[in-house]
Each structure stands twice: as C-alpha cells, then as structure tokens.
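What follows is a short report on a single structure.
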Amino acid sequence: MVSSSPSRLCSLGKLAIVLSLLSGACGINLSVSSDGGNASSPLLYGFMFEDINYSGDGGIYGQLLKNNGLQSELNAFAAVGSGTIAVDTENPLTSTIPQSLRIDVAEDASGVVGFSNSGYWGIPVDGSVFQTIFWVKGSFTGDVTVRLVGNGTEIEYASTVVSVEAADDFTYITTDLPTEKAPDGEVYYELTVDASAVAGQSLYFGLPQLFPETFKSRENGLKPNLANVLDTIKGSFLRWGGNNLEGNSEDQRWKWNETIGPVEDRPGRQGAWGYYNSDGLGLMEYLYWCEDLGLAPILGVWAGFALQSGGNTPFTGDVLTPYVDDVLNELEFVLGDKSTTYGSLRASYGEENPFPVTMVEIGNEDNLGGGCESYAERFTAFYDAIHAAYPDLQIITSTADPACLPSPVPEGVWLDYHLYAVPDDLVADFGYFDNLDRSYPYFIGEYAQSEATWPTMQGAVGEAVYMIGFERNSDVVKMAAYAPLFQLVNATQWVPDLIPYTQTPDSVIETPSYYVQQMFSANRGDTILPVTSDAEFGPVYWVASSNEDSVIVKLANYGADVQDLTLSIPDVTGGHLTIVASDDAAAANTDSETVVVPTEKDVTAAADGSVAFTLPAWSVAVFVSS
Ligand code: AHR
C-alpha cells in the first residue's frame, strides 16, 4: 500500500494535482480482479424479528385492534352510547381466552350501545376492503354496526351493518368492511347495536378483530406496507427470537405450541418488552411470512434460560429434558410427515406438507445475564437430541463466546455473534472477521449502530463499513441481520430501529440504514473478487463481487471529505450507481422529515476502460456493472 496516495496529493494544491495526474488518476484507484477470491454465502443478508416496539402486534401482524383478548383489562376499549362495559370472566370465549367484553344496558336505554377500540395508537385505514371478526353472545337478534371513525373529527372511513342472531353460546361473525383511506392513523373502531333491542340486558363480545387486506391475501396475515418494504430489501432469511424468545421467566418464554391453531385458542403471553403479545402472529404465521417473502426460516428454540430468572433458570440436568422434548415436538410439527402426531396437528391446521426449515438456533444471547456458565451443557443437551433426530439440520449457537461454548463445538455448527456499537466502533470492527478463527462459520444474528434515536447517516455509513468487512469474509460469515427491524414510533422500547412507522396508512420511514440494507442485500455477488488499490482502507472502504450478470462494487466513505474514485474492472464499460449520502453526519429521516434519499445514475467507462465518480461526504455507494 502506498503511504502517500494520489488522493492525499490532490488535496495539496494545483502543483500536487498536476503531479498526481502525471502519476495516475486523482483520487483512489481500485482495480477489481475478474477472478480469484472467495465464495459468498447465498444467505448473507436477511432479517431478525421479535415483537419489540409493537412490531408484531401493532406492527407487521395485520390484526389492528389492541388488547382484543382483554388480557390487559379494558385497555384500548371504551363504552359507546348509554351502556357500560366490563371484562367478564363468567362468560369466557374459550378456555384460553377466559373472558369476554360485557356490555350492560339499562332498562330505559335508547340510541346505540356498544364499544370502541382505539387500536395500537390509532388504526391505519388504507382504503382496502377490511375484514372484521367477533364472537357475540346474548339474547339479541338484530343489526350490528361496525364503523371506523376519525378521532375528534368523527369522519367515517368505513361503516357496515351485519345481521346477527346471538344465542346462549358465542356465535362467530365475520364481515367485510370496505374503507376510504384515512389521512392519518387518528381512527378508532366502533361496534354498536340498537340499545332498545338489548335494554335491560347484557351482551357479550369475544376477541374482536380487524384486518386490512393482508400481504398476499393471507388469512390472519401481514400488514402489506411493512411486508412490502421488507420485500424491497430482498433478504434471504428470517430469524425470530431475541429477548422475546427467552421471556422474563420460564413461564413467559415463547411457547410455540401456544401460538398455533385458531386464534381463539391462543392465550398470548406477557412479552419481554413490557407488553402483552397476542401471539396471533405465531409459528405458522412466521413460516408463511418466510414462504411469502422467499426467506429461509431460522427457528429459535428456548434453551432453558429466561431473562429475569427469578432464581429458577438456567435449567440444567434432568430439569431440561421436558424442554428438549418440547423442541423435538416443535420440529415434528414443522418438519414431520402428516402421519406423525405433530405433523398431523399441522395438517389439521391446513398445512399438509412440512415447512422447509433447515436451521435451528439454540437460545438467544446465552453469553449474557448469567447464561454463559451453563450454556455448554444446555446447548449440548439440545444439540444431541436435535442432531440425532434431524442430522441435516443446521444448528446455530446463541453466542460466539468460546467461554460459553462446549469444547470442542460440534463440527458443522455455526456461531451467532451480536454487535450493537456506536459508528466509530463499527468502523473499528471492519477487520474483525479478517482476523477470526476461520474454522467456524458465523451468523451475525443482530447488529446495528447504537446511541441514536433515529438511524443517522454516520451510523449507516458505519454499518456499511462493518458490512463490507463481513461481506469480504462471507465464505465464513454465512448470514447477518440488522436489529431491531421495526418500530412503532408511538410505543418504543429500543432505538434506533431499521424501519420505523406510525399508524398513518402506508407509513414507512426509510432510514439511511434501511437504504444501506436495501442497496447491499438487493445487489449481491456469489464470488468476492480481489481488489488492489493505491490507498489503504479508511476513510473509504470497499468490497467487490460478481454474479453471472454483473460485477458489484460496494463503497463507504466514512468521513466529511469528498473522495474521487476510479474503478478499473476488466471488460466493464459502465454501469449503474446508487449513492446515499449527507454532508450532515447526524442527518436522519424521522416521522417529521425526510432528509436523506438515495440518488441513482448511469456511469460510462472512459476510453481506458475505467469508471470514475465521486463519493460524497458520509456516503455509501453501490456500483453494478451493466
Ligand atoms: O434487538 C434487541 C435485543 O438485543 C434483542 O432482543 C436481544 O437479543 C439483544 O440483546
């Protein structure tokens, strides 16, 4: 590497520019080799998801009514008209939703009576044909009116009437609800009946639900705007887990078998992020999410360790056995033939064929919070049982810390490594995977910039530098995922997040970090190409790769100075350049302003075959040859 590169000479004035031009191109010169290099993992970029920041309930899960199972008392519900409402445990909807919403109506009531639900800090009414579902019980025959109405404005965005014949048992009702698009999320759900028809009585409602038209029209499916934005990233896998898999206690762990089947048979649970999870987004919904977005599922399984143990975890020895057995049942549910006990349960829920699960991660961050000492034993118990039953499954540890792992780690196992760091530290870790023990493949199950409210441009460049660092090593770094993925801006436990949103219809805040993920993931090579340069890494970083159509060069400029760049790539005459940049390192897209957007242009090679362009301050660029 030259110590005084042309780019540095260029900054010294006119004479230096003349000298540097005589000695070669001004700026950084990169020569990309057309062969050699290492293979790149086809799974490299993907997603990590857990219900944090109301990213499942209130987020990507399509159901829009909050606390619809009434597990959090009357939160989000209010009485409408002259009735009063209460949580009623004498008239449970099911044994797993052991309550219903009771409306008591006075003898002399008039007008309408019913209830409203405020949604998850509002309801995004996107103009599609919604569906509402509820159960009703009582002595009532007549019309039920369901409306979506503006808070304060009382503007009606939807109204439908459904005839109901209620009885002593709960009756299931579903109806379409055509909507007009609302300008914001300030909308509530209202269900009413004629008060005189139920005067002096009580009516009971169970598990009211409201869905927009879902992504790919899946029943109990995903919210389309959030699924669509994920689709633009073209990720390869979905890991679901995190702290919310572990739970705050053993009892509050994610229990796969309580997240399957009809939603009225799912009890939900207290999640690890301070709110109740309906688990309407359950195991099969995650697997359909994978199917609909072309993602390889990574099944996280509880490994005998909860976050705030209250003294009873980690579980080791014989205590672990039922949990190991439970994972084998889960795997049979997912992978078993329909002739097996759990495979047939899956088939009874409409899925005759096994799901294509090939990867299982045992636990989450077991290096933290007192999990390390027992992890080798716990991992081994799960590994031995899973590997014996399913030898082809790719098993992943929940930590890469050798102090927590069995020695030796069984052959073929991948190690999950997490990094949340300030931008400078992400950059400092550029070479981390250059210098690691290459005998184990790695999964970077979570990474992101830290200490910012919204992902900043500097943070996104730092992430890009880190990503370039692991993409260069993507023969051993098999997969990597930003975390957390989503954030409902009104109800946040962790910042920054990749894709914030509000309940304004179609709201998606495309952060600089989102753009970097999108640019890097959607443009991938299968082979990493060697690059020679007349400059050292820093402040500009690069990685080149190729697939059968193109050569791709990814670049990051982690600094406030503009950098001139020249690419020489054999047989390439031009290409397409996407750049995301800001002169302001702290620039961020928020719910009130969008200041960073990528630019795109075609670039053509000069007569000598080189492609020259400028990297702006604090920028990330992807060149794809034509
Ligand atoms: O991504 C947020 C949290 O960070 C995850 O739940 C946990 O795995 C990590 O500590």
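Which residue, of T214, T232, is of a type in the set (S, T, Y) and either within 16 Å of the ligand (Cβ to nearest atom) or closer than 19 Å to P500 by Cβ (or both)?
Just one listed residue meets the conditions, T232.
Restricting to the stretch 321-337, give me the number of residues that are over 17 Å from Y383 (Cβ atoms) and β-branched (V, I, T).
The number of residues fulfilling the criteria is 1.
Quick one: would you say V495 is open to solvent by 10 Å² or more (accessible area, probe 1.4 Å) and within 16 Å of the ligand (Cβ to nearest atom)?
Yes: the conditions hold for V495.
Is there a residue being touching a Ser or Thr at 6+ places or on another chain (Cβ under 9 Å), in a loop (DSSP other than H, G, I, E, B) and not polar (S, T, N, Q) anywhere in the stretch 343-350?
For the stretch 343-350, residues touching a Ser or Thr at 6+ places or on another chain (Cβ under 9 Å), in a loop (DSSP other than H, G, I, E, B) and not polar (S, T, N, Q): absent.
Checking F355 against (1) open to solvent by 20 Å² or more (accessible area, probe 1.4 Å); (2) outside any helix (DSSP H, G or I); (3) farther than 22 Å from T399 by Cα; (4) in contact (Cβ under 8 Å) with a residue 12 or more places away in the chain, only one condition comes out false. Which one?
Condition not satisfied by F355: (1).
If you take the residues of the stretch 243-254 that are free of Cβ contacts under 8 Å to residues at least 60 places away in the same chain and surrounded by fewer than 20 Cβ atoms within 10 Å (Cβ to Cβ), which of them is farthest from the ligand (Cβ to nearest atom)?
Across the stretch 243-254, the extreme among qualifying residues is D251.
If you go through the stretch 282-304, how many residues are open to solvent by less than 10 Å² (accessible area, probe 1.4 Å), within 13 Å of W254 (Cα to Cα) and within 16 Å of the ligand (Cβ to nearest atom)?
4
Return the residues of the stretch 523-539 that are closer than 21 Å to S40 by Cβ and among the hydrophobic types (A, V, I, L, M, F, W, C); say none if nothing qualifies.
The answer is I528, L529, V531, F537.
Contact list please: Cβ distance under 6 Å, first residue in the stretch 416-427 and in contact (Cβ under 8 Å) with a residue 60 or more places away in the chain, second residue more than 12 Å from the ligand (Cβ to nearest atom) and open to solvent by 40 Å² or more (accessible area, probe 1.4 Å), pairs at least six apart or on different chains.
If the second residue must be more than 12 Å from the ligand (Cβ to nearest atom) and open to solvent by 40 Å² or more (accessible area, probe 1.4 Å), the pairs left are P423/Q458.
Among the residues of the stretch 2-54 satisfying the criterion of being on the phi > 0 side of the Ramachandran plot and open to solvent by 10 Å² or more (accessible area, probe 1.4 Å), which is modelled with the highest pLDDT?
Y54
Test I395 against the stated conditions and say whether it is more than 16 Å from the ligand (Cβ to nearest atom) and in a helix (DSSP H, G or I).
Answer is no for this residue.
Restricted to the stretch 371-392, and to residues that are hydroxyl-bearing (S, T, Y) and away from the ligand (no atom under 16 Å from the Cβ), which residue is nearest to E250 (Cα to Cα)?
Within the stretch 371-392, the match that is nearest to E250 (Cα to Cα) is S374.
Suppose the filter is in contact with a helix residue (DSSP H, G or I) (Cβ under 8 Å, 6 or more places away or on another chain) and modelled with pLDDT of 95 or more; does A347 pass it?
Spelling it out, it is not the case that A347 is in contact with a helix residue (DSSP H, G or I) (Cβ under 8 Å, 6 or more places away or on another chain) and modelled with pLDDT of 95 or more.
How about the stretch 353-370: which of its residues are away from the ligand (no atom under 16 Å from the Cβ) and closer than 30 Å to Q308 by Cβ?
Within the stretch 353-370, V357, M359, V360 meet the criteria.
For the stretch 266-281, give me each residue that is of a type outside the set (F, W, Y) and away from the ligand (no atom under 14 Å from the Cβ).
The answer is R266, P267, G268, R269, Q270, S278, D279, G280, L281.
Does Q517 qualify as being under 29 Å from G127 (Cα atoms) and surrounded by 23 or more Cβ atoms within 10 Å (Cβ to Cβ)?
When the stated conditions are applied, Q517 does not pass them.
Residue by residue, here is whether (1) open to solvent by 70 Å² or more (accessible area, probe 1.4 Å); (2) out of contact with any Phe, Trp or Tyr (no Cβ under 9 Å at 6 or more places or on another chain); (3) over 18 Å from Q449 (Cα atoms) holds:
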| position | (1), (2), (3) |
| --- | --- |
| N589 | no, no, no |
| V595 | yes, yes, yes |
| E600 | yes, yes, yes |
| V603 | no, no, yes |
| T614 | no, yes, yes |
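Taking the condition of being of a type in the set (A, V, I, L, M) and open to solvent by 10 Å² or more (accessible area, probe 1.4 Å), how many residues in the stretch 110-131 meet it?
Total satisfying the criteria: 2.
Any residue at all in the stretch 152-166 that is surrounded by 17 or more Cβ atoms within 10 Å (Cβ to Cβ) and within 17 Å of S118 (Cα to Cα)?
yes
Among (1) in contact (Cβ under 8 Å) with a residue 12 or more places away in the chain; (2) away from the ligand (no atom under 16 Å from the Cβ); (3) in the same structural domain as N257 (by TED's automatic domain parsing), which single condition is G350 missing?
(1)
What's the number of the only condition in (1) closer than 23 Å to K216 by Cα; (2) more than 12 Å from the ligand (Cβ to nearest atom); (3) in the same structural domain as Q394 (by TED's automatic domain parsing) that W240 fails to meet?
(2)
The values are calculated or read from the model by the stated rules, or taken from the named source; none is laboratory data. Everything numeric in this text was worked out from a predicted model, so none of it was measured. Quick reminder, even Gly has a Cβ in these numbers, built from the backbone with ideal geometry, and neighbours come from all protein chains shown. Note: areas computed on protein heavy atoms with side chains; ligands, DNA, RNA excluded. Shrake-Rupley method; radii C 1.70, N 1.55, O 1.52, S 1.80 Å.
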